[in-house]
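Working notes, beginning with the structure itself.
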């Protein structure tokens, strides 16, 4: 699994890591039952603090996407199965927005607004 972060972005690193895992699940490259890389390995490879990685994993656990157990690590839960259809829906939404000339920032604002209602 490829996890990336942009240290210059305004979004916190732990949020970027969690988003990277979610994106991998939506794309189908990470599936239910898959084990996430060890937090130490991720921290070393991305040159971030281990607590940053653990916070990202805890956020995913709080969402129900990851089960964390001592000695077993972080494992993607069955909830990930429901995310697979999300990729198609997002693709359709983006294609329609492009067809209508709606920019990504406007589309993002519309999605955030819909989430609040």
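Read the figures in this text as sums done on the coordinates, not as results from a lab. Everything numeric in this text was worked out from a predicted model, so none of it was measured. Don't worry about glycine lacking a Cβ; one is built from the backbone with ideal geometry, like all the others, and counts go over all protein chains shown.
Please work out how much length the chain gains when fully extended from residue 44 to residue 109, using 0.36 nm per residue of separation minus the C-alpha to C-alpha distance, in nm with one decimal.
Values: separation 65, 0.36 × 65 = 23.40 nm, distance 3.48 nm.
Going from the current span to full extension adds 19.9 nm.
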> In degrees, nearest 10, range 0 to 90: what is the angle between the Cα axis of helix 104-116 and the longest Cα principal axis of the chain?
Replying inline: 80 degrees
>> Using only alpha-carbon positions, what ratio does the radius of gyration of the chain give when scaled by 2.2 N^0.38 Å?
In response: 1.16
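At 0.36 nm per residue, minus the direct Cα-Cα distance, what do residue 2 and residue 29 gain on full extension? Give it in nm, one decimal, please.
8.8 nm
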> Separation of the range 26-76 and the range 80-117 by C-alpha centroid, Å?
Replying inline: 25 Å
> Between the helical axis of 50-63 and the dominant principal axis of the chain, each derived from Cα atoms, what acute angle in degrees is found, rounded to the nearest 10?
Replying inline: 60 degrees
> So what's the back-of-envelope 222 nm ellipticity for the chain, counting only DSSP H runs of four-plus at -39500 (n - 2.57) apiece and dividing by all residues, rounded to 500?
Replying inline: -18500 deg cm²/dmol
> What number, in percent, do you get for the relative contact order of the range 9-116 if the mean sequence gap of Cα pairs under 8 Å and at least 6 apart is divided by its residue count?
Replying inline: 28 percent
>> Sorting check: for 16-24, 104-112, 72-80, which peptide has the highest mean count of neighbouring beta carbons within 10 Å, and how do the rest follow?
In response: 16-24, 72-80, 104-112
> Which angle between 0 and 90 degrees, to the nearest 10, do you get for helix 13-27 versus the longest principal axis of the chain when only C-alpha atoms count?
Replying inline: 70 degrees
>> Cut-off is 10 Å between beta-carbons; in what order do 99, 61 appear when sorted fewest neighbours first?
In response: 99, 61
